[in-house]
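A quick write-up on the structure given underneath.
Rule-based calculations on the coordinates, nothing more; no lab input. What you see is a predicted model, and the numbers here were worked out from it, not measured in a lab. When we count neighbours, we look across all protein chains shown, and the Cβ atoms used for this are built from the backbone with ideal geometry, even at glycine.
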């Protein structure tokens, strides 16, 4: 096989030879394959990634590639067609159908096939998680007196106090509820603040998990565009007047997916507009603890500047620790606090006390600030590596904003690009990416993708992932050349 042979041809040859190896058996090394087929190491790497994406081989860094073990046969399915009637009958009279579409969430939660680089992840790679500190905290928590008893339904007083201090301003511990992660807290907030059929204003683009919460509750998400300085106040005011909405959900700090930070001049405007509309602002402060090393002083949460109870604040420890460390704060003042508390109790009773005790142990340990400093430095380095690799290998993808916090980049594709075709081609090339469509509650202004730099093993994997994405773009995107610059606004207009 000559150097000019395609990745597909090499993958096909290796696929035909897999029967020579027993399940779990090791394939020849990359060096042997390079010499045997007279191809480049990159061709070998991409061919193996393609077989890994098909579930035929498993690649292990430093160990090589192995034939995948066969999957267990599933039991024959029964007839579940009756459920279509049962699940739809009660919702026939709903003003807004309460559809439950979790695809925008599961695509970032599901692990890609072995050997596929995880640019779709929403959490820190295990190498970035404070595993030793969390294990030590959990061990110490288990020895605390009463650690396995029933906690107060609102949460441990000491943990509520810690969250109140981190929010700042006049927020006190009595105005904080401990919840089981940000997703659960957002669900509680939307159930408390808006009845089925009501409109809810959302940033555009925005986090798909929040759109899924709203739609499953029978709410109608109404988009309000963002730009590099966050949500546009004049459009927010227009949306409140046009819809009569009483809720606006936003991420003022390192917004997902754009990475925008709400500008200082707009913070007071957003609160004033909501207050005049008689509406609540749900502040999803999800990555405050993932600021990059060069972020500088962070703006305070909106809740810290809100004496009138406009803001319902959600802040979580999960993004900075582990997807399984699901502890968050839900803060509000006034009569709405009791409604939030009642809904949370009905939904979940309380967060397990050992986990709350472990959270207290973790944030009170010297390991906690050390971990945050290390993550801040590593995320900055990874962001810079990914940004440089994209500019080198994929200049036709527009990068409107390079964030100073969070864990991802938001890229605009060339006009006419097919997101679905690109994400499929990327998976075949051995890299998983997130399409932009699920981030928009209405028709998107342009095609996008989101790339995470936090869920991968390190800088080398980032560079290799971008190289694989280059191959996918060559396959799936129109031949527009470098039609976009590394600039433009966040909603898709250049």
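For the reader, a short list of remarks on this structure follows.
- Residues residue 294 and residue 265, FRET efficiency given R0 of 30 Å [Cβ-Cβ distance, rounded to 0.05]: 0.85
- Spacing of the two label points (7 Å from each Cα toward its C-beta) at residue 132 and residue 229, in nm: 4.6 nm
- Packing-based ranking of 325-334, 370-379 yields 325-334, 370-379, ordered from highest to lowest mean Cβ neighbour count within 10 Å.
- Listed from fewest to most Cβ neighbours within 10 Å, the set 368, 148 follows the order 148, 368.
- Three-way shape label, the range 131-363, alpha-carbon gyration tensor, a/c 1.5: prolate
- Taking the range 7-67 and dividing mean pair separation by its residue count, relative contact order in percent (alpha carbons under 8 Å, at least six apart): 43 percent
- Length available on full extension from residue 172 to residue 139: 0.36 nm per residue minus the Cα-Cα distance, which gives 9.0 nm.
- Summarising the strand pairing of the range 131-363, around 35 percent of its internal DSSP beta bridges are antiparallel.
- Values [x] 23.4; [y] 24.4; [z] 29.9 are given for comparison; Kirkwood radius over Cα pairs in Å, derived from the coordinates here, is the one labelled [y].
- Nearest 10 degrees, 0 to 90: helix 41-53 Cα axis against the chain principal axis: 60 degrees
- Contour excess over end-to-end distance, with Cα ends at residue 442 and residue 374 and 0.36 nm allotted per residue: 20.6 nm
- Label point of residue 109 set 7 angstrom out along Cα-Cβ; within the range 190-213, amide nitrogens under 11 Å from it belong to 209.
- The label-point distance for residue 71 and residue 347, in a model that sets each label 7 Å from Cα toward Cβ, rounds to 3.2 nm.
- DSSP bridge orientation in the chain - percent antiparallel, rounded to nearest 5: 55 percent
- Residue order, fewest to most beta carbons within 10 Å, for 474, 284: 474, 284
- Considering helices alone, the calculated mean residue ellipticity of the chain at 222 nm is -12500 deg cm²/dmol, with DSSP H runs of length four and up weighted by -39500 (n - 2.57) and normalised per residue.
- Relative contact order (%) - the chain, alpha-carbon pairs under 8 angstrom, separation at least six: 19 percent
- Ordering 134, 153, 210, 386 from the fewest to the most neighbouring beta carbons within 10 Å gives 153, 134, 386, 210.
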